[in-house]
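See structure below.
Just so you know, all these numbers are worked out from the coordinates, no wet-lab data involved. Worth saying up front: this structure is predicted, and the values here are computed from it rather than measured. Neighbour counts run over all protein chains shown; Cβ positions are idealised from the backbone, glycine included.
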Amino acid sequence: MEQQAIVREYRPDDEAAIVSLLSLVFEEERSVDWWRWYYQSGHSGPAILKVAVWGERIVGFRGLVPYRVWDGRRYVTACQATDAATHPEFRGRGIFRTLTQEAIREAERRGYSFIFNFPNEMSYPIYRSMGWTVLARPRMWLRVCQPGRQEREPGMATLDMFDSRFTDHWKVYGESRGASICKDAGYLNWRYASCPDRRYIILVEETKEEVLAYVVLRFGGAARKRAYIVEFSPGALDPAGLLRRVIRHAAHLGARVIAAWPLPGLAHRMWQFGLVPNLLRTGRFALRQLTGETPVSWQPVLGDTDYL
């Protein structure tokens, strides 16, 4: 009889082997510091972590990261299906499915409301067979910035941290937009300010007492010339005017391309700002119900994913 991989809970001494596996499978350098930040110090508690072991080797990994989520009616705890990795030598043995099924059972035991993620073309058929449904098909929109000197956009400040005003901003404007990860100051600081190996730029329009609007950018791509809009919260300001200022400010910072998924308040008007759809980059925003109901009108932004 062919040997089977053994699925078990993550143990603290597994860190280095898991990070090595993820670096191999995803062809990018992962670090133990990143691992501890993302999977152990999350704003809503430690993640669900399952590994597949073959002899003494860790050959598979599955992670589910919990979040406090506003589902459009109330706050629930849900989780995001993040890294799923199988060593190339052990693919085709059902390790991905087995790890995911074990993680689902653990999420149900914890009483989580649902699981969400952004599966790719290869993995979605497996997710669909395990009960996932597609909620949205977000498309990447791009704008090429005009070359030449760009002045710094007046009125936009740059912050290093998110203070309590951002929690107030979320309570006023976040819940009214429909379902979303709860983006209070604690979450935003964890997700963006404390990330150990990715740098984000926090732009804000503010008064001393109030955050009027904020945007989070991440620069990446060739020579870090692509500016991704990962968070966009216009508050009570005109979202069109805010986006125009962000585009000019990103160009001032050196961006040659602006990239974003459809933005709150502008989802059907992206073309009006010189952005065009990338016909080759359409994602899937998918969900599996556990103990709760399907969220109401969730429009994901790039920051909701686990890779920007």
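Could you go through the range 224-230 in sequence order and give the Karplus-derived ³J(HN,Hα) for each residue, using 6.51 cos²θ - 1.76 cosθ + 1.60 with θ = phi - 60°, rounded to whole Hz, and x for Gly and Pro?
Listing the rounded values in order: 6, 9, 9, 9, 8, 8, 9 Hz.
Is the range 191-299 best put as rounded, prolate or oblate by its Cα gyration tensor, with a ≥ b ≥ c the root eigenvalues, rounded for a/c under 1.5, and otherwise prolate when a/b is larger than b/c, oblate when not?
Working: a/c = 1.36, a/b = 1.21, b/c = 1.12.
Rounded shape, in that the Cα axes give a/c under 1.5.
When Cα extents along the principal axes in Å is calculated directly from the model, which label among [x] 69, 42, 34; [y] 52, 48, 36; [z] 120, 63, 33 fits?
Computed from the coordinates, Cα extents along the principal axes in Å corresponds to [x].
Kyte-Doolittle mean at least 1.0 and Cα extent at least 15 Å along the axis: which DSSP H helices of the chain qualify?
On the way: long enough: 15-26 (16 Å, 2.13); 95-109 (21 Å, -0.65); 239-252 (20 Å, -0.01).
The qualifying helices are 15-26.
By a straight-distance test (C-alpha under 28 Å), which lysines pair with residue 50 as possible cross-link partners, with residues fewer than eight away in the same chain excluded?
Straight-line reach from residue 50, under 28 Å: 183.
Toward the positive end of the charge dipole of the range 139-282, about the Cα centre and with charges on Cβ (Lys, Arg +1; Asp, Glu -1), which of 267, 145, 243 goes farthest?
Projecting each Cα onto the dipole axis, the largest value belongs to 145.
Assigning unit charges at the beta carbon (Lys, Arg +1; Asp, Glu -1) and nothing else, what dipole magnitude in debye, to the nearest 20, does the chain show about its Cα centre?
Numbers: 42 positive and 34 negative charges, 184 e Å.
The dipole magnitude comes to about 880 debye.
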